[in-house]
Amino acid sequence: MAHDVVSAAHAFVQIPMASRRLNTVNVAAASAVALYYLSRGGGGRLHMSSQPRKRRPELFIVGGADHVELGSAIRSAGAFGWERAILDDRAGAWFGSPRAVRTEGRAAARSYRNPIKLVPAKPGGT
């Protein structure tokens, strides 16, 4: 990850891989695991709250170059209750994509049912 992205983060989630043969998970699966962890407040029992937004950190999505994987990650964020995410779309996979690509990505995000609001990250900061 770029140094500016790392320095802007308040916390990190690392997904340990148990397999020696498989050393990666796709973006959507990794997002689901990370968002689940973050929605729980970092571990322990799952706490249900009448105001979960107060416990959740701001969500900043970086580096999604594949529009379908990015859409799946956005779908995961919505499923875990995030209502807003800042999207650093340097690769143009979401905001700067051609219509057909944009349609596929939005379908993967289930944007017709997913109320999450995506805010484009400003260059050099949020």
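The values are calculated or read from the model by the stated rules, or taken from the named source; none is laboratory data. It should be emphasised that the depicted structure is a prediction, and the values quoted were computed from it without experimental measurement. So basically every Cβ, Gly included, is an ideal-geometry build from the backbone, and we count neighbours across all protein chains shown. What goes into the accessible areas is simple: the full protein's heavy atoms, side chains included, and nothing from ligands, DNA or RNA. Shrake-Rupley method; radii C 1.70, N 1.55, O 1.52, S 1.80 Å.
Some notes on this structure:
- Filter pass, Leu59 being within 19 Å of Ala34 (Cβ to Cβ), among the hydrophobic types (A, V, I, L, M, F, W, C), at pLDDT 85 or above and open to solvent by less than 50 Å² (accessible area, probe 1.4 Å): no
- Output for the stretch 78-94, where each listed residue is small (Gly, Ala, Ser) and not in a strand (DSSP E or B): Gly78, Ala79, Gly81, Ala91, Gly92, Ala93
- Among all residues of the stretch 66-75, there is at least one that is closer than 17 Å to Val5 by Cβ and either modelled with pLDDT under 85 or assigned to a helix (DSSP H, G or I) (or both).
- Criterion: outside any strand (DSSP E or B), of a type outside the set (A, V, I, L, M) and open to solvent by less than 20 Å² (accessible area, probe 1.4 Å) - qualifying residue of Ser97, Ser111: Ser97
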